[in-house]
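Visitor: First the structure, which I've put down as structure tokens, then a few questions once you've had a look.
The values are calculated or read from the model by the stated rules, or taken from the named source; none is laboratory data. Model, not experiment: these values are computed from the prediction. Virtual Cβ from ideal backbone geometry, glycine too; neighbours counted across all protein chains shown. Ligands, DNA and RNA are excluded from the accessible area calculation, which covers all protein heavy atoms including side chains. Shrake-Rupley method; radii C 1.70, N 1.55, O 1.52, S 1.80 Å.
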Amino acid sequence: MVTKLDTLRNALRDERSGRVVFVSHCLLNQNVRYLGGATRPGMTTEVVARLLDARTGVVQLPCPEQCAWGGVCKRYTVPAYGAGRTPLRRLRRPFARLFLAYTRLAYRRLARRVAGQIADYVRSGYTVESVVGIGGSPSCGVRTTLDLPAVLEDIAGRDPARLDRGEFNRQVIAGHAVPGEGLFISALRRELRRRHIDVAFDEHDLVAEITG
């Protein structure tokens with residue numbers, strides 16, 4: 001049966017491709033990355049160039065860390081830096097456990113919202129070609145993530161005033177990269193499976209980018 005929506009689509013056919021890609025927020029806006037992790041003033045140019053060549057629509061995912069960790073500067077993580085050098089050192093492991101539990105809860109809520117957006121495209125007859133994550137991210141890694149408890153333990157022992165960007169990226173980020181999914185990507189996959197939606201996932205290699 002031809003619906004009114006079908007009639008409108010046929011009558012108002014335009015240039016849209018009917019294909020979209022969901023892209024991690026910081027690939028289009030590096031200003032939201034962790035301090036020390038931006039290698040470009042704005043967009044990740046090689047990723048944007050590939051998207052332009054593909055002639056698909058681009059949907060920018062919310063940054064889960066911005067949403068859950070206290071905004072652009074991730075203010076909830078700031079007390080962890082140097083905590084092992086202060087009287088707070090005895091609390092750092094209980095803090096890490098609570099922080100992980102809170103993050104998982106926040107990411108489940110965010111994943112439901114994003115999965116609903118993907119479901120809307122699919123239900124409307126569009127093709128969601130892929131979700132592009134960030135390899136080496138504790139949140140958005142697809143094949144490579146971070147050992148977040150190890151990172152929290154590592155930064156607890158470092159003096160914030162003596163941090164060096166290159167050393168931080170090599171030792172703290174690249175040094176704790178492990179195979180696996182980030183917490184947000186894992187939650188998003190679960191929500192998509194629950195809706196019986198099959199979408200390909202890929203990742204941009206953050207570790208290669210920040211280590212040059």
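Visitor: Return one whole number: the accessible area per residue of the stretch 75-138 in Å², for a 1.4 Å probe.
Guide: Counting only protein heavy atoms, the per-residue value for the stretch 75-138 is 60 Å².
Visitor: If I compute solvent accessible area with a 1.4 Å probe over the protein chains, what percent of it on the stretch 152-212 is carbon and sulfur?
Guide: After summing per-atom areas, the C and S share lands at 46 percent.
Visitor: Another question, then. Can you check what the Kirkwood hydrodynamic radius comes to for the stretch 142-212, Cα pairs only, in Å to one decimal? All intermediate terms of the calculation are to be shown ahead of the outcome.
Guide: Numbers: mean 1/r = 0.0719 Å⁻¹.
It is 13.9 Å.
Visitor: Which residues in the stretch 146-172 have a backbone N closer than 19 Å to a point placed 7 Å from the Cα of Arg85 along the Cα-to-Cβ line?
Guide: 151-172
Visitor: How high is the relative contact order of the chain, given as a whole-number percent (alpha carbon pairs under 8 Å, six or more residues apart)?
Guide: 24 percent
Visitor: Say the dipole of the stretch 90-160 comes from +1 at the beta carbon of Lys and Arg and -1 at that of Asp and Glu; which of Pro160, Phe99, Ala119 then lies farthest toward its positive end?
Guide: About the Cα centre, the residue reaching furthest to the positive side is Phe99.
Visitor: If you restrict to DSSP beta bridges whose two residues both lie in the chain, what percentage is antiparallel, to the nearest 5?
Guide: Bridges in the chain that DSSP calls antiparallel: roughly 20 percent.
Visitor: What is the local net charge at Ser137, summed over the other residues whose Cβ is closer than 9 Å to its Cβ (Lys, Arg +1; Asp, Glu -1)?
Guide: On the way: positive: none; negative: Glu65, Glu203.
Around Ser137, the charge tally is -2.
Visitor: Taking 2.2 N^0.38 Å as the expected size of a compact globular protein, what ratio does the Cα radius of gyration of the chain give against it, to two decimals?
Guide: Relative to the rule-of-thumb radius for its length, the chain sits at 1.16.
Visitor: Among all stretches of the chain without exposed trypsin sites (Lys or Arg not before Pro) (DSSP loop, at most 10 other Cβ atoms within 10 Å), which one is longest?
Guide: 56-212
Visitor: At 7 Å along Cα-to-Cβ for each site, give me the label-to-label distance between Arg109 and Ala49 in nm.
Guide: About 4.0 nm, to one decimal.
Visitor: On to the next question. When N is the residue count of the stretch 91-212, what does its C-alpha Rg come to as a fraction of 2.2 N^0.38 Å?
Guide: Numbers: Rg = 16.5 Å, N = 122, 2.2 N^0.38 = 13.7 Å.
Working it through for the stretch 91-212, the quotient is 1.21.
Visitor: Just grab the label-to-label distance for Cys73 and Arg170, each label 7 Å out from Cα along the Cβ direction, in nm (one decimal).
Guide: Each label point is offset 7 Å from its Cα along the Cβ direction, giving 2.9 nm.
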